[in-house]
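What follows is a short report on a single structure.
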Amino acid sequence: MLRKKALITGINGQDGSYLAELLLDKGYDVYGLMRRKSKLEYGNVTHLKDKIKFIYGDMTDLVSLINAVRIAMPDEVYNLAAQSFVGTSWDQPIATAEIDGLGVTNMLEALKIAAPLARFYQASTSEMFGLVQEIPQKETTPFYPRSPYGVAKVYGHWITKNYRESYDMFACSGILFNHESERRGEEFVTRKITMAVAKIALGLQDHVELGNLDAKRDWGHAKDYVKAMWLMLQQEKPDDYVIATGETRTVREFAEAAFAAVDIQLEWKGQGVEEVGIDKNTGKVVLKINPEFFRPAEVELLIGCPDKAKKQLGWKLEIPFKELVERMVKNDLRILKEGNK
Ligand code: NAP
Ligand code: GDD
């Protein structure tokens with residue numbers, strides 16, 4: 001039987017790496033779109049670099065995407081590439097729009113031209129719900145994005161639907177809520193916390209500085225979420241699905257869980273920007289607020305309803321919150337002790 005071929009954009013990011021592992025395990029030929037950098041490095045797929053066929057390209061360059069599609073002639077395309085850090089989207093709103101918004105049209109056009117029968121997955125996001133209009137958020141909840149990133153992703157979401165309806169393409173959007181992992185970028189709040197907790201536990205750092213501790217997120221593990229991406233492209237008909245745990249926690253609760261993983265129980269003192277987290281045993285301040293990390297507009301509460309995905313895709317969550325946090329802290333301790341990544 002012919003092996004299926006998949007093209008993954010954003011292959012060396014967090015999700016790209018877990019998805020590549022999943023598809024290689026399933027016997028796919030995996031092609032990965034990668035940006036040319038001054039120093040050749042494979043990021044999260046370094047361990048898979050001999051198994052993946054890399055193609056240089058950029059989401060803002062239609063020619064490079066047509067070229068990539070012609071080389072791979074994929075059965076399935078997973079569009080994970082993005083400027084994915086919400087904070088940076090205020091500093092680089094135009095680049096974010098070009099990559100996360102127009103970049104999706106570029107990829108859809110490349111497919112329309114070179115492989116119109118390929119199945120397409122778009123990495124949509126719970127950030128599109130922003131100032132939430134309904135609790136919990138589901139596929140039918142109206143969008144109200146709160147950042148240039150969220151706005152660009154709403155465009156990407158709708159252009160995906162539009163190409164499905166205009167050209168009968170098999171194009172799906174996964175509206176994924178926050179998912180983290182041992183491979184999460186270090187500027188995202190979960191990994192920033194777990195890395196700092198590991199350093200504090202090893203005596204390499206005194207404290208961590210954070211922004212809004214009251215923001216609530218629905219956090220799962222990326223390994224579970226890439227399975228949903230694949231399932232969406234195996235259905236009879238293309239559709240959009242929310243992928244979430246259905247639970248929400250504050251950043252404060254994430255920090256408590258991460259410190260607890262190294263046996264530090266946190267006690268909170270003070271209010272607002274004066275609030276601090278104190279190690280109950282030693283009385284030392286291990287967490288401070290730094291207004292620099294607050295955002296111009298915040299998404300205060302995210303909690304998704306994954307019922308449609310559970311029912312129609314048979315998707316289920318395997319890694320619960322506590323295990324997610326413990327895995328991340330344990331891995332950061334290992335990295336620091338071994339002195340490598
Ligand atoms: P990530 O780790 O930041 O990975 C992003 C990837 O996109 C990297 O490989 C990056 O390559 C690539 N990229 C950025 N700009 C590009 C461009 N102009 N051309 C080609 N590639 C480019 O993000 P992630 O957490 O894996 O997320 C994957 C996707 O899911 C993103 O679209 C994100 O917006 C979306 N999403 C994520 C979450 C989440 O909680 N993780 C939730 C919902 C949706 P470089 O290494 O060259 O920068
Ligand atoms: N990054 C960061 N750093 N966030 C902080 C900090 C800090 O020091 N302190 C508090 N926060 C708060 C942010 O204000 C936000 O409310 C929350 O922690 C989560 O921030 P991030 O981890 O940066 O993730 P995000 O929710 O903004 O975006 C992630 O999830 C989206 C899905 O909802 C990214 O992965 C996006 O790409 C993704 O679409």
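The values are calculated or read from the model by the stated rules, or taken from the named source; none is laboratory data. Just so it is clear, the model here is predicted, and its values are computed rather than measured. Note: ideal-geometry Cβ built from the backbone for every residue, glycine included; neighbour counts use all protein chains shown.
For (1) within 23 Å of N290 (Cβ to Cβ); (2) more than 16 Å from ligand 1 (Cβ to nearest atom); (3) among the acidic types (D, E), each residue gets a yes or a no:
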| position | (1), (2), (3) |
| --- | --- |
| W158 | no, no, no |
| N162 | no, yes, no |
| F170 | no, yes, no |
| I175 | no, no, no |
| G185 | yes, no, no |
| I193 | yes, no, no |
| K199 | yes, yes, no |
| D214 | yes, yes, yes |
For the structure I just gave you, tell me whether D240 is more than 21 Å from G10 (Cβ to Cβ) and either surrounded by fewer than 24 Cβ atoms within 10 Å (Cβ to Cβ) or among the basic types (K, R) (or both). no
Being part of a loop (DSSP other than H, G, I, E, B) and either modelled with pLDDT under 95 or more than 14 Å from ligand 2 (Cβ to nearest atom) (or both) narrows E236, E186 down to just E236
Got a sec? Which of L102, L40, L111, L22 is within 14 Å of ligand 1 (Cβ to nearest atom), closer than 23 Å to A228 by Cα and of a type in the set (A, V, I, L, M)? L22
Against the condition over 19 Å from the mean Cα position of the chain (by Cα), closer than 30 Å to V189 by Cβ and crowded, with 20+ Cβ neighbours inside 10 Å, how does I135 come out, does it pass? no
Among the residues of region 202-220, is there at least one that is of a type outside the set (D, E, K, R) and closer than 30 Å to K26 by Cα? yes
Across region 126-149, what is the total count of residues that are part of a helix (DSSP H, G or I) and farther than 15 Å from T88 by Cα? 2
Go over the candidates V262, V208 one by one and state the one that is in contact (Cβ under 8 Å) with a residue 40 or more places away in the chain, surrounded by fewer than 18 Cβ atoms within 10 Å (Cβ to Cβ), farther than 26 Å from N12 by Cβ and in contact with a helix residue (DSSP H, G or I) (Cβ under 8 Å, 6 or more places away or on another chain). V262
Among (1) without any contact (Cβ under 8 Å) to a residue 40 or more places away in the chain; (2) out of contact with any strand residue (DSSP E or B) (no Cβ under 6 Å at 6 or more places or on another chain); (3) not β-branched (V, I, T), the one test that R36 misses: (2)
What are the residue pairs meeting all of these: first residue in region 103-119, first residue in contact (Cβ under 8 Å) with a residue 40 or more places away in the chain, second residue of a type in the set (D, E, K, R), Cβ atoms under 7 Å, and 6 or more apart or on different chains? A114/R70; A118/D75; A118/E76; R119/D75; R119/E76
Matching residues, region 229-244, being in contact with a Phe, Trp or Tyr (Cβ under 7 Å, 6 or more places away or on another chain) and under 27 Å from V189 (Cα atoms): M229, I243, A244
Is at least one residue of region 167-179 hydroxyl-bearing (S, T, Y) and crowded, with 21+ Cβ neighbours inside 10 Å? yes
Candidates A152, A123, A97, A82, filtered to the one that is closer than 26 Å to I55 by Cα, touching a residue at least 24 places away in the same chain (Cβ under 8 Å), assigned to a loop (DSSP other than H, G, I, E, B) and within 15 Å of ligand 2 (Cβ to nearest atom): A82
Would you pick out the residues in region 100-120 that are small (G, A, S) and either assigned to a strand (DSSP E or B) or crowded, with 19+ Cβ neighbours inside 10 Å (or both)? G101, G103, A110, A115, A118
Strands (runs of 3 or more DSSP E) within region 253-327 that include 2 or more residues among the basic types (K, R): none
